[in-house]
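See structure below.
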Amino acid sequence: METSAAPDVFSVGFSQHDAGRAITQHLVSRGRRRIAFVGAQLDARVLQRAEGYRRCLHDAGLHDARLEWMDPNRSSIALGGEIFTALLAAHPDVDAIFFCNDDLAQGALLAALRSGVQVPERVAVAGFNDLEGSDQMLPPLTTVRTPRAQIGAQAATMLLSLMRGDSRVPHSVDVGYELVLRGSS
């Protein structure tokens, strides 16, 4: 988990970098060698996921910066479909795509269905956050499940303890993440 060295900073979460690296490693372990990264909204979390992707591919000798597609626009299903189509047109040798969010990946799976691109045979697709509906996609979306409700509950508990003056409050709580492997990869 990315933490601050400031003594008055407290956080609850997980390592976006490690989660990005883990989902990319999954794609590598499935024999994928031309793995693209698609980011949208480009906030700090997306950039940390991208760095995890890069580190994994650098370590495997597979990184190609031309396969990073960074779009500052708001993440959406429609944008995911547009980027999927444009990315495969620009780089027909791509055999896997790690989307920074499930909504983008869901849009990619819908675009693949419309255009007859077989997932995962032709190109594997992975997302992030395990959003509602990801398990209902055709094929079901491989993703990273993030414990958003647990993060909120832990943060609220931390805040209440700090407000009470509890000096035993940890500065950082890592709640982890989970790879959810489904049919899209």
- Pairwise FRET efficiency - Ala89 versus Glu178, Cβ, R0 = 35 Å, nearest 0.05: 0.55
- Note, ³J(HN,Hα) from phi for segment 93-102, Karplus 6.51, -1.76, 1.60, rounded to Hz, x at Gly and Pro: 8, 4, 10, 7, 9, 9, 8, 5, 9, 5
- Computed lengthening from Glu51 to His171, 0.36 nm per intervening residue step minus Cα-Cα distance: 40.8 nm
- Message: As an exercise, identify the GluC sites (Glu not before Pro) in segment 110-185 lying in DSSP coil whose Cβ has no more than 16 other Cβ atoms within 10 Å.
- Response: Glu121, Glu132
- Task: Could you work out how far the C-alpha centroid of segment 23-59 sits from that of segment 133-185, in angstrom?
- Result: 20
- For segment 122-127, in order, what is each residue's ³J(HN,Hα) by Karplus, 6.51 cos²θ - 1.76 cosθ + 1.60 with θ = phi - 60°, in whole Hz (x at glycine and Pro)? 7, 8, 7, 10, 10, x
- Note on the structure: For Met137, Met158, ascending order of other Cβ atoms within 10 Å (fewest first) is Met158, Met137
- Message: Suppose each label sits 7 Å from its Cα in the direction of the beta carbon; what would the Asn73-Leu138 distance come out to in nanometres?
- Response: 2.6
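Quick note: the coordinates plus some simple rules give every number you see, no bench work behind them. Just so you know, these numbers come straight off a predicted model, no measurement behind them. Methodologically, a virtual Cβ is constructed for each residue, glycine included, from the backbone with ideal geometry; neighbour enumeration extends over all protein chains shown.
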